[in-house]
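As C-alpha cells, the structure follows; a few thoughts come after it.
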Amino acid sequence: MLYNNLLYFLVVIFVFSTNSPAAKPALPLPWTLLAVAAIYWLYSRVAAYLFSRAGFGAGGYFATEKKLSFLAVLVFMGLVYLLDLKHFLTPLSLGGRLPVLADLAGLVCFFLFLMLMWRAARIRYQQNFQRAYRPLAFIRSNIKANLPIVLPWLSLSLAFDVLQLLPLPQLRQLLRSPWGELALFALFLIFLTLAFPPLVRALWGCSPLPAGPLRQRLTAFCNAQGFRSEIYTWPLFEGQALTAGIMGVVPGLRYLLITPALLEALTQDELNSVLAHEIGHVKHLHLVLYMVLFLGFSLLAGAVAAPLPHLILSSDLFYALLSRLHASPENVLGVLATAPLLVLMLVYFRFVFGYFIRNFERQADAYVFRAQGTGWPLISSFEKIAQLSGGNRDEKNWHHYGIGERIDFLHRCETDRTHITRHERKLRLSLLAYFVMIGLVVFGLHRMETGKLSEEHETKYAEAVLMQKVREEPKNSLWLIYLGDFLQSRQMEKKAVDAYEKALKLSPINAELNNNLAWLLLTAKDTSIRDPNRALTLALTAAMLKEQGHILDTLATAYWANGMIKEAMETETRAFRIDPKNQPYYLEQLEKFRNRQWGEAQ
C-alpha cells in the first residue's frame, strides 16, 4: 500500500501546487462551501457502503481502500479544477510570502477524504486484524502511517519559502534559477538521509527488538556480512503483515524493520535469508539510487516544464480549444501545461521508477547466494509468506515481481549462477541508459530557444484573453475598446473595426471610442476599410464630447480627407494651442494639410 499511496500523494501534491488560483471562482464562497460539504458527505456514504460490502479478509479490505483512495484523488482534482479550491485557500499564504501554507491547506483537504475513508474502514479493520480502536485513534494511526510520504515535500517547500523571505537578493536569485533549485533539492536529500529514518521509525511506532537469543543470532548474521544496523519490530497492520524493510543510509541512523508475524513464522535460516535480502539493498546502494531516481525526475520535470507554455502558445489546437470552451485562456493554458507534466510523473514513477524498484528487489534477492551460499532459505520464506498471507502466488504489481516470479528466479540462480551476473549486468546497462537519456533530454531542452516558439503567437494569445473578457462581460464596452486598440496596434484592422463597432453600440457617446474608430477609418493601410465621411461624423462627435489635442487632430484629419482644408487648418491650430507639448507633430500636420492631398499622403 505504501507505494500506491506514494503515487496518490504525488498526484495530489502536483495538481494543487501547479494550479494557478482563478481570479474569479466558478461559484461564490457560500455556494462553494455548500458544494464541498455535499461532496464530502457523498464520499463518506460511498466509503461506508463499499466497506460494508468488502467482506472479511485483508484482501477485500485493501482492495476497498485502494478504490476509495483512487476516488479521493479524482474528487480532489474536481475540487481544484471545477470549484477553484486554490482560489479560496491562497489567502492563507500570507500575501504569497509563504505559498507552502496554502499547499498545506490543500493537502489537509485531501486528508479529509482519507479520514472519512478510515472512519468508515474502522469496523472492518477491527474484524480483520483483531484490534479495537476508538474512531479518532484509528484515524490518527493512519495519518501517522502516511505522514512520511508527504513530510519531505512539506519540509522542502517550507525551507524554500523561508529562504526566499531572507533579505538576501543574491540568494533569492540563485534559488529561482534551475540550478539553485537543484542544489537546494540535493542538500535536502542529504538532510533526509540523516533526519528522516528516526522520524519514520517514531511515526510508525517501531520498537527495538528485545534482547535475547533471537536478537543475538540476527545481529551475529549481520556482523558476518559486514553490516551494522539497529533491529526494530515493525507493528504494520498490528504486526500481522509478513514483511521486512530497511531504512537509512548512514550506519548509525539505519534501521532494519521486521514485523512480529514474520519473526514468528520463519525459522532462523529463513530469517537470515530475509536479512540477506535487506542487506543486499544496502550493499548494492539501492537506497541511494532511489534518491537519485527522485532527483532525476526533478531534473526531467524542470526541463520539460520550461518550453511547455511556449509550445502550447504556438499550437493552433490551443486557440481552437479557446474558441469552443467557456474557460479563461489562463486556465486553459494552465491545464494544458499541467496535464503533460502529470502524465510524465505517472509514467515515470509507474514504469521507470517501477522498473528499477522491481529489479532492485530481484538483485537484493540474489544477494542471499553471497550471504548463505544458497537460495533455498529465501525460497522457503517466500512459500510460507504466500501461504500464510492467502494471496495469489502469481499476483504482480508495478513495484514488485510476484512471489512466484521471485521464486522462479531463485530456482534458476540455484542451478545456474550466471543468471545473477546477467541480471546485474542488465541493471548496470539500464542505469547507464537512464543517465544518458536523462542527460540528453535535459541538455536538449535547456538548449531549446523557447522564446522563439511563441513569439509569433503572443498576439493571438493577447487577443484570446481580451475576447474572453468580452464574453464574460458582454455589456462592458471597455473590453471591446481595449480589444480594438490592441488589434489596431497589431494592424489587424478589419477585426479592430468590428470590435470598435460593437463597442459603439454599447457606448455611443464615448469620446475615445469615437476618436479611435474615426482615426482607423482615416488611416487604415487596407484602403477598403477607409471611410472619410463616417470618420468625420465620428470625429465631430468625439470633439463635442472631449476637446483634447489628439481628438482635434483626428477631426482635422477628417476635414482634410473630405477636402475641407480651411476647417482642417483651423482645427489643427486649436490642437496646437491646447497641447503645446506636441507642437512639432501638429506643425508637420499643418504642413501636410497645406501641401498634399489626403489620398497620396496615406
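The values are calculated or read from the model by the stated rules, or taken from the named source; none is laboratory data. Computed from a predicted model, the values in this text were never measured in an experiment. Neighbour counts are summed over all protein chains in view; Cβ atoms, including those assigned to glycine, are modelled from backbone coordinates with ideal geometry.
Quick look at the values:
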quantity: Flag if Glu238 is of a type in the set (Asp, Glu), crowded, with 20+ Cβ neighbours inside 10 Å and in contact with a helix residue (DSSP H, G or I) (Cβ under 9 Å, 6 or more places away or on another chain); calculated: no
quantity: Helices (runs of 4 or more DSSP H) contained in the stretch 511-595 and holding at least 3 residues at pLDDT below 85; calculated: 583-595
quantity: When residues of the stretch 22-53 are limited to those that are in a loop (DSSP other than H, G, I, E, B) and surrounded by 16 or more Cβ atoms within 10 Å (Cβ to Cβ), the one farthest from the chain's Cα centre (by Cα); calculated: Pro25
quantity: Residue that is modelled with the highest pLDDT, among those in the stretch 144-190 that are among the β-branched types (Val, Ile, Thr) and surrounded by 15 or more Cβ atoms within 10 Å (Cβ to Cβ); calculated: Val150
quantity: Phe409 aromatic (Phe, Trp, Tyr), surrounded by fewer than 21 Cβ atoms within 10 Å (Cβ to Cβ) and at pLDDT 95 or above; calculated: yes
quantity: Residue match in the stretch 524-532 (condition: crowded, with 17+ Cβ neighbours inside 10 Å, in contact with a Lys or Arg (Cβ under 7 Å, 6 or more places away or on another chain) and within 21 Å of Lys505 (Cβ to Cβ)); calculated: yes
quantity: Residue within the stretch 196-210 that is over 33 Å from the mean Cα position of the chain (by Cα), assigned to a strand (DSSP E or B) and closer than 23 Å to Ser141 by Cα present; calculated: yes
quantity: Yes/no for His419 being buried (at least 16 other Cβ atoms within 10 Å of the Cβ), in a loop (DSSP other than H, G, I, E, B) and either without any contact (Cβ under 8 Å) to a residue 24 or more places away in the chain or in contact with a helix residue (DSSP H, G or I) (Cβ under 6 Å, 6 or more places away or on another chain) (or both); calculated: no
